[in-house]
1. Under the Karplus relation 6.51 cos²θ - 1.76 cosθ + 1.60, θ = phi - 60°, what is the ordered set of whole-Hz ³J(HN,Hα) values for segment 117-125, x standing for Gly and Pro?
2. When the Karplus curve 6.51 cos²θ - 1.76 cosθ + 1.60 is applied with θ = phi - 60°, which whole-Hz ³J(HN,Hα) does each residue of segment 267-284 get, with x for Gly and Pro?
3. List, in the order given, every pair from Lys117/Lys196; Lys97/Lys150; Lys117/Lys213 whose Cα-Cα distance in the structure shown is over 28 Å.
4. May I ask for the angle, rounded to the nearest 10°, between helix 59-70 and the longest principal axis of the chain, with both axes built from Cα atoms and the value confined to 0 to 90°?
5. What is the list of residues in segment 175-218 whose amide nitrogen lies under 16 Å from a point 7 angstrom out from the Cα of Asn157, following Cα to Cβ?
6. Counting other beta carbons within 10 Å of each Cβ, put Val225, Val208, Val172 in order, fewest first.
7. Please compute the alpha carbon radius of gyration of the chain, then divide it by the globular-protein estimate 2.2 N^0.38 Å. Two decimals is fine.
8. So who's got an amide H within less than 5 Å of the one on Met266, skipping anything under 5 residues away but keeping other chains? H placed 1.01 Å off N, in plane.
Amino acid sequence: MVKIFELENIISIKDFTRSDIDYILNEASTLENVAQSKEISEELKGKILGLMFFEPSTRTKMSFETAMKRLSGQCIGFENTGSSSVSKGESIADTAKMYEGYCDALVIRHELEGVSKFISDVVDVPVINAGDGAGQHPTQTLLDLYTIKKEIGNIDNIKIALIGDLKYGRTVHSLANALTLYDNVELYFVSPPELKMPQEILHDLDKVGMSYKEVSNISDIIDKVNVLYVTRIQKERFVDIEDYLKIKGAYIINKKMLEGKDLIVMHPLPRIDEIACDVDDTKYNKYFTQAANAVPIRMAILKTLIKNNPK
Ligand code: CP
C-alpha cells in the first residue's frame, strides 16, 4: 500500500511516479461511496476551491465542483473571462494572486500551454492543471487510468489505440506519457497525417524504450486492442477552417464495427460524431462511466493536495 504523495501541484502527468498514480487511484477507490452519495464526508469542510476556467468545460469543471462539495467544501470562480476583471485587462498573475487570498487550492483551464505552471510559480496554494491548450490534462489521465483499471482489471499489459486528434489532443498526450510507467503496454496511434502525435511525445516514449505503432486506419488495429480511446477532431485548435473540414469525420466508431470484439470504447468527451449513438447502449460504451469516474478521482486529488498543503 502506497503511503506518501509529495506533489504540491498537479501540472503535468510527467511529474508523477507510478506510486503517485497508485496513491490517487487507491484513494479514489476509498471515496467511491462518498462520490456516489451513499456516505457523507466532511474531509474538506471549511475549505474553498477556486475555479479559473478561461476555456469552456462541462465535465472537468462540474466534476471538480461535485468532488469539492461531496467533501463538504465550497467553490468560487469563473467560467468565462467576461465575468472577471480579466476582461478589464487584469493580468493572469494578479488574478491568481487574488484567488490565492480567497482559496485553499486553484484549478486552472486555459487555451495556452504552460499557464498552470506559470500560476503555480506565483501562488502558494496548490495549483491543478485542468487542461492547458494542446499541452496536458493530467487529472483526465488519472481518471482514464482509473477507468481502465476498473474495467479491464490492470493497466500493465493493455493493448490500447489512441484515435483522432493526436496533435492537439492534450488528453492523449498525458495518457501516452502516463503509459510509459506501465509494463508491456501495446500502444497504437491512429490519426490522419495532419494530426499525428507530436515529436515531443514520441521522443518521451523513445527515451524510455516504449514501442508504439502509427497507423492511419482503425481496421489496422481493431482486432488487436482491448481499449479504443477515441478523441474529437478539435475545430477550435485549427487556424484554417478548411483544414478542419477536410479531416472532420475521418474516424467514426459504430456498433456494427464493434460486434464480436473484446474491447472497451473510451472517450474524454465531448464527442461530435466520432462515436455513433448506436454504441451508447452496448457493452462497449465506457465513456459515460469514465466521465462519472472523474468525481472519485478529483475528490482524491483535492483531499490529498489540500490536506497535505494547508495554508
Ligand atoms: N474531458 C474534458 O476535459 O471535458 P470538458 O472539456 O467538458 O471539461
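Rule-based calculations on the coordinates, nothing more; no lab input. These numbers were taken from a predicted model, which means no experiment stands behind them. Please note: Cβ atoms are built from the backbone with ideal geometry, for glycine as well, and neighbour counts cover all protein chains shown.
1. So the Karplus estimates, Gly and Pro as x, are 5, 4, 5, 5, 7, 10, 10, 9, 9 Hz.
2. Calculated HN-Hα couplings, in order: 6, x, 6, x, 9, 10, 10, 6, 10, 5, 5, 6, 7, 4, 9, 10, 5, 6 Hz.
3. Correct reply: Lys97/Lys150; Lys117/Lys213.
4. Helix 59-70 and the main axis of the chain meet at about 50 degrees.
5. Taking a point 7 Å out along Cα→Cβ of Asn157, the residues of segment 175-218 whose backbone N falls under 16 Å are 182-187.
6. If I rank by nearby Cβ atoms, fewest first, I get Val208, Val225, Val172.
7. Values: Rg = 19.1 Å, N = 311, 2.2 N^0.38 = 19.5 Å.
Rounded to two decimals, the normalised Rg is 0.98.
8. Leu228, Tyr229, Val230
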